[in-house]
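Report on the structure given below.
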Amino acid sequence: MPRGIADQHRRRRPLARASHPGPARMTRRGRTRPAALLGWRADRRSASRSWHAVREISVLLALLLSLVSASALPGDAGETPDARDWAVMRGLGVSQAVATGNLRAQLIAEAGAVAPGSDLELALVFDIRPHWHTYWKNPGDSGEPPRLTWELPPGVEVGPIQWPYPSLIRVGPLANYGYAGRVAHLIPLSVTADWPVGEPIEVRAEATWLVCEAHCIPEEGQFELVLETSATAAEDADRARAKLFANARARLPSSGRIAATLARGEDPMRLGVPAAALPPEPTSIAFFADQWGLLEHAAAQPWAIDGARLLMTLTPGEAPASAAPTGLLVVEHADGTEALPVDASRTLAEASGPIAELAVDPTAGSDPGGGAPTTVEDAALGLPLALLFALLGGLVLNLMPCVFPVLAIKALALAQQSQQGLAERARHGLAYSAGVLAFFALVAILLLALRAGGAAVGWGFQLQSPSFVVLMAYLFLTLGLSLAGAITLGAGLMGIGAAGPSRGHLGAFMTGALAALVAAPCTAPFMGAALGFALAQPWPAALAVVLTLGLGMALPFLLLALSPTLARRLPRPGQWMEYLKQLLSFPMFATAAWLLWVLSVQAGPIGVGAALAGLVLLALGLWLLEASRAGQGRWQRVAQVSAGVSLAAALWLAIDLAPSAPGASDGGSGGTVGEEPRTATPAGRSGPTSTPFSAERLAAARAAGRPVFVNMTAAWCITCLVNERVALSRPTVVEAFAAGDLLYLKGDWTNRDARITDYLAGFGRSGVPIYVYYASGAEPKVLPQVLTESIVLDALER
Amino acid sequence: MMLRLETRLAAVLTAVALCSLSGAALATPEVDAPAPAFTGVDTAGKTWALEDLAGQPVILEWTNHDCPYVKKHYGAGNMQTLQREATDAGYVWLSVISSAPGTQGHVSAAEADALTAERDAAPTAVLLDTEGTIGRAYGARTTPHMYVIDEAGTLVYMGGIDDRATTDPADIPAATNYVRLAMSELEAGQPISRPVTRPYGCSVKY
């Protein structure tokens, strides 16, 4: 605390206590303008047309100020290092200081010169009396943030204040968000490229601020500084200035926003943040709301880290429903403090209760985001765009390998129908479309219901259950056997594929549903953004997106069925159809084989053994059923009973799989089998040496400054496998990983794993794959979902 | 499993939160709900209780004469005008001083009356809430912090006096006065368009 300030304050104190000053006096109270400054302003007016005169005067003024402050602040020599830095802030690009007794303010540019077409940062620096404070953009229960009014020449622009993270300042039962000691408000300034080199830039600002101890004083000050312009980049700033700006930047929140959850209709409210986004071993965590009204500023914020999630309990404020659910998490840990912007607006749909109209103060507590870039990928994806993507995605689904087998059946059915009338075909096409849409609607409702229940789900989740996978394999074996001609599917079964024209509608409906069912795993890579968007929307929008996806998928067949011209081009039925039908049984068997391979990852050799036994029993049961049709009397009864027994046994084997699947039942390590680092994860046998993903490993490596590459994959995710094959397993990539001493963390989402679900949610995703590169000390960078060798190498280089 | 764990954790967190809050702080009253009951003594020693005021609309104004934000509105005559408008329309206007002894804004009954006379203020009464009981019941955070209660005893407005959170009296003419807005909407039988706003000012010195 410089003695000069204390003295000044004592002198000013009677003024501050003056009982009832009039309005004019009140607003002027805080303004302190030394005589020299007034003189300077008078001089400036007469010289305003001559830049050179301005510069000369500014140099003179700087000299004068240095003399004045040197004599006014005899204690300088014995001050803290910070105060010494302050004392030498003079010269080009530095304004005069405004000292009010409660704080000293100065506007300082990062450098004295700037190149046209480039940017520079300014800092409005406050050195505040001990025990006094100024305010953050949301001041909390009382107070007011500083405000700046600029006067700039055309071609020069400034951005909003980049607010450093605040502290919680308790005042009795109330609390404020603000700053004590020194605070530097950074403001970006840009200069147009047409600015004539050599012509100085004059920057003027008027600032008002409130400074409080228990009581508050509104103050204001005028700041003027001159920047030189040169063709080259800014000159090196002096060391004190560089340090000031480095310290200021260290207090800025990190860029990007963490997607969080906040149930605003509840009291207390629960804030959930993926722990992977936090620094390791936090010692204290505080949440600062961006806007007034969201939460009770003074309330305690108990928190706990439950594996993959930080859970924080917040007390709602006066208008939680209408305040933005965004803010800053200020996390203290062994190595310092980090401020992380958090955004829970994707859970807006969960807000409930009467919405109090919040009067929006246009200046205070506004500026959410502060122009920070966002990493919430689909934040910008509006509903119309999402619907378009959904439609296109649905169309593309028809070309997917996991849909093709079903479509093949459908093509066959259509060929049979080319003889029939338009009305019949239209009914068939509509039934198919209805089947697709029904399935999508069902999944959407299920997904929304599960979301409402708080379950950690994601697209493709149905394939995370081993039982489901086995049942799918059964289904495809049955279809294959039917197509191959080994069995005839009766009306009792679904009547898929082989269904004749007479009972075609149910068949078409079921074919549509089946096509959609098996398409789900293919939608994740193509529809990541649209589905991520849908999952975060209120339910009508979510349903609309998912149904549009279904419509896109059904559309080609609907058109084919409705258009006689297109239908006429289809070949006439004949003997070739029988061969084609038999040929098409092989994609069915292939799909069943693929599902068994997925199962081998989920449930291990025992699971596969059980599934194979189940498949044999299923085939036996189906054959017995088939045989019983030809048989008579008692033999028929025996065959039917045996068939029933075999089918029941097959079913039991499938359903019994769930609890025996490793990782599925223990909530801990989830899908990564065991905690031992291993190289052979299911979704790729070669490639760089990987370690199973855990939030702790990620955090530890980040803390140690080691670069990290995160790959979230699943055995049933074809895109993931292709990416590993064509990009991640390439020798160049393996070498680059090794050369950079990169920690390669691989998360396996084949089975449900809440930690991975949370990690995905942190990036606004609901499915795999996701590839994230954390360069040492830098922000995480999300790579595209379709990788090439060069994309990976480029990302690593940067 | 995961879900159950979360639920349990949430319960523990909630319990912790409630315990830590119990000794504390401020209630947050709700608009469209009965206004919190209070009893207070004015500068003349008269006791005022909300229940006794049934059938009359009430305005509560938290104040601290040394606060620059309060001075903005009294210095320009804005608060006095509003007080006269309200009392003429049948409102009971209670100015509440919740400053604890020794803090800014704390006054004796005589000083409070002198302030009223000096500023030509026109509240129905000035309540001396030295213990901060009424302030805490209403969650009063700032001076000024305004509350409007209708004839039925329902809290219909809480928040700032207007939409210009500054200390500059020059902002008053162009500001939207939320109390005046609530009064006119109440009279017209309309719903209150802005029932909750951010109060601005100095903190209440509990």
Original post:
Restricting attention to the range B:85-99, and to residues there that are under 11 Å from the mean Cα position of the chain (by Cα) and open to solvent by less than 10 Å² (accessible area, probe 1.4 Å), which single residue is nearest to B:VAL58 (Cα to Cα)?
Top reply: B:TRP93
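To keep it simple, each residue is scored yes or no on (1) over 22 Å from the mean Cα position of the chain (by Cα); (2) at negative phi; (3) of a type outside the set (Phe, Trp, Tyr); (4) within 11 Å of another protein chain (Cβ to nearest Cβ).
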{"site": "A:ARG270", "(1), (2), (3), (4)": "no, yes, yes, yes"}
{"site": "A:ALA277", "(1), (2), (3), (4)": "no, yes, yes, no"}
{"site": "A:PRO282", "(1), (2), (3), (4)": "no, yes, yes, no"}
{"site": "A:ALA289", "(1), (2), (3), (4)": "no, yes, yes, no"}
{"site": "A:ALA300", "(1), (2), (3), (4)": "yes, yes, yes, yes"}
{"site": "A:GLY317", "(1), (2), (3), (4)": "yes, yes, yes, yes"}
{"site": "A:ALA323", "(1), (2), (3), (4)": "no, yes, yes, yes"}
{"site": "A:LEU329", "(1), (2), (3), (4)": "no, yes, yes, no"}
{"site": "A:ASP343", "(1), (2), (3), (4)": "no, yes, yes, no"}
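Filter the range B:167-199 down to the residues that are in a loop (DSSP other than H, G, I, E, B) and at the interface with chain A (Cβ under 7 Å from one of its Cβ atoms) and list them by number. Outline the logic, then answer.
We begin by selecting, within the range B:167-199, every residue in a loop (DSSP other than H, G, I, E, B); these are B:167-168, B:172-176, B:188-195, B:197-199.
Result: B:THR167, B:ASP168, B:SER193, B:ARG194, B:PRO195, B:THR197, B:ARG198.
Yes/no per residue for (1) of a type in the set (D, E, K, R); (2) over 19 Å from A:SER142 (Cα atoms):
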position: B:THR130; (1), (2): no, yes
position: B:ARG136; (1), (2): yes, no
position: B:MET146; (1), (2): no, no
position: B:LEU155; (1), (2): no, yes
position: B:GLY159; (1), (2): no, no
position: B:PRO173; (1), (2): no, yes
position: B:THR176; (1), (2): no, yes
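Could you tell me which of the residues A:GLU696, A:GLU676 is farther than 22 Å from A:GLY614 by Cα, of a type in the set (Asp, Glu) and either surrounded by 14 or more Cβ atoms within 10 Å (Cβ to Cβ) or modelled with pLDDT of 85 or more (or both)?
Values: A:GLU676 fails: either surrounded by 14 or more Cβ atoms within 10 Å (Cβ to Cβ) or modelled with pLDDT of 85 or more (or both).
A:GLU696 is the lone residue from the list that is farther than 22 Å from A:GLY614 by Cα, of a type in the set (Asp, Glu) and either surrounded by 14 or more Cβ atoms within 10 Å (Cβ to Cβ) or modelled with pLDDT of 85 or more (or both).
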Original post:
Would you say B:ARG164 is within 9 Å of chain A (Cβ to nearest Cβ), within 21 Å of B:PRO29 (Cα to Cα) and basic (Lys, Arg)?
Top reply: no
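Specify which of the listed residues (B:THR39, B:THR63) is surrounded by 13 or more Cβ atoms within 10 Å (Cβ to Cβ) and within 24 Å of B:TYR178 (Cβ to Cβ).
Details: B:THR39 fails: within 24 Å of B:TYR178 (Cβ to Cβ).
Among B:THR39, B:THR63, only B:THR63 is surrounded by 13 or more Cβ atoms within 10 Å (Cβ to Cβ) and within 24 Å of B:TYR178 (Cβ to Cβ).
Only residues that are of a type outside the set (S, T, N, Q) and within 14 Å of chain B (Cβ to nearest Cβ): list them for the range A:252-263, please. So that I can check it myself, show each step before the final result.
Narrowing the range A:252-263 to residues of a type outside the set (S, T, N, Q): A:252-253, A:256-260, A:262-263.
The answer is A:LEU262, A:ALA263.
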Original post:
Any idea how many residues of the range A:163-186 are open to solvent by 10 Å² or more (accessible area, probe 1.4 Å), in a strand (DSSP E or B) and more than 15 Å from A:TRP132 (Cβ to Cβ)?
Top reply: 2
Subject >> Conditions (1) more than 10 Å from chain A (Cβ to nearest Cβ); (2) open to solvent by less than 30 Å² (accessible area, probe 1.4 Å): number failed by B:GLY139 >> reply: (1)
Original post:
If you take the residues in the range A:126-162 that are buried (at least 22 other Cβ atoms within 10 Å of the Cβ) and among the polar types (S, T, N, Q), which one is nearest to the other protein chains (Cβ to nearest Cβ)?
Top reply: A:SER142
Original post:
Inside the range A:721-744, can you point out the residues that are surrounded by 15 or more Cβ atoms within 10 Å (Cβ to Cβ), without any contact (Cβ under 8 Å) to a residue 60 or more places away in the chain and not charged (D, E, K, R)?
Top reply: A:LEU721, A:SER729, A:VAL734, A:PHE737, A:GLY740, A:LEU742, A:LEU743, A:TYR744
Original post:
If you go through the range B:69-79 one residue at a time, do you hit one that is under 23 Å from B:TYR206 (Cα atoms), in a loop (DSSP other than H, G, I, E, B) and not aromatic (Phe, Trp, Tyr)?
Top reply: no
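Does any residue of the range B:10-28 turn out to be modelled with pLDDT of 90 or more, over 14 Å from the mean Cα position of the chain (by Cα), open to solvent by 20 Å² or more (accessible area, probe 1.4 Å) and among the hydroxyl-bearing types (Ser, Thr, Tyr)? Before the answer, list the steps.
Filtering the range B:10-28 for residues modelled with pLDDT of 90 or more gives none.
The answer is no; no qualifying residue exists.
Can you give me the number of residues within the range B:144-168 that are among the hydroxyl-bearing types (Ser, Thr, Tyr), open to solvent by less than 10 Å² (accessible area, probe 1.4 Å) and over 8 Å from the mean Cα position of the chain (by Cα)?
Quick first cut of the range B:144-168, residues among the hydroxyl-bearing types (Ser, Thr, Tyr) only: B:147, B:154, B:157, B:166-167.
Checking which are open to solvent by less than 10 Å² (accessible area, probe 1.4 Å) leaves us with B:147, B:157.
Still in the running and over 8 Å from the mean Cα position of the chain (by Cα): B:157.
Summing the residues that are among the hydroxyl-bearing types (Ser, Thr, Tyr), open to solvent by less than 10 Å² (accessible area, probe 1.4 Å) and over 8 Å from the mean Cα position of the chain (by Cα) in the range B:144-168 gives 1.
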Subject >> Residue count for the range A:317-347, restricted to those that are in a helix (DSSP H, G or I) and open to solvent by less than 10 Å² (accessible area, probe 1.4 Å) >> reply: 0
Subject >> Options A:ARG241, A:ARG249: the member that is outside any loop (DSSP other than H, G, I, E, B), open to solvent by 70 Å² or more (accessible area, probe 1.4 Å), more than 14 Å from chain B (Cβ to nearest Cβ) and modelled with pLDDT of 85 or more >> reply: A:ARG249
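Out of the range A:115-154, which residues are part of a loop (DSSP other than H, G, I, E, B), farther than 25 Å from B:THR142 by Cα and either at pLDDT 90 or above or touching a Leu at 6+ places or on another chain (Cβ under 8 Å) (or both)?
The initial filter retains those residues of the range A:115-154 that are part of a loop (DSSP other than H, G, I, E, B), namely A:115-118, A:129-132, A:141-146, A:152-154.
Add one more test, that the residue is farther than 25 Å from B:THR142 by Cα, and what stays is A:115-118, A:152-154.
A:LEU152, A:PRO153, A:PRO154 - these are the residues of the range A:115-154 that are part of a loop (DSSP other than H, G, I, E, B), farther than 25 Å from B:THR142 by Cα and either at pLDDT 90 or above or touching a Leu at 6+ places or on another chain (Cβ under 8 Å) (or both).
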**OP:** Restricting attention to the range A:97-114, report how many residues are in a loop (DSSP other than H, G, I, E, B) and open to solvent by 10 Å² or more (accessible area, probe 1.4 Å).
**Re:** 2
**OP:** Give the residue, chosen from B:VAL148, B:VAL126, that is out of contact with any Phe, Trp or Tyr (no Cβ under 9 Å at 6 or more places or on another chain), away from chain A (no Cβ under 12 Å) and farther than 25 Å from A:ALA207 by Cβ.
**Re:** B:VAL126
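Table: residues versus (1) of a type outside the set (Lys, Arg); (2) modelled with pLDDT under 85.
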| site | (1), (2) |
| --- | --- |
| A:ARG629 | no, yes |
| A:GLN636 | yes, yes |
| A:LEU647 | yes, no |
| A:PRO659 | yes, yes |
| A:SER690 | yes, yes |
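So, in the range A:745-798, exactly how many residues are of a type in the set (Lys, Arg) and open to solvent by less than 20 Å² (accessible area, probe 1.4 Å)? Please lay out each step first, then the result.
Looking only at the range A:745-798, we keep the residues that are of a type in the set (Lys, Arg), and these are A:746, A:752, A:755, A:765, A:781, A:798.
With open to solvent by less than 20 Å² (accessible area, probe 1.4 Å) added as a condition, the list becomes A:746.
So the answer is 1.
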Original post:
Can you tell me how many residues in the range A:302-315 are open to solvent by less than 30 Å² (accessible area, probe 1.4 Å) and facing another protein chain (nearest Cβ under 10 Å)?
Top reply: 9
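The values are calculated or read from the model by the stated rules, or taken from the named source; none is laboratory data. Because the structure is predicted, anything quoted here is derived from the model rather than measured. Ideal geometry is used to build each Cβ from the backbone, glycine not excepted, and the neighbour counts take in all protein chains shown. These accessible areas exclude ligands, DNA and RNA; they are computed on the full protein's heavy atoms, side chains included. Shrake-Rupley method; radii C 1.70, N 1.55, O 1.52, S 1.80 Å.
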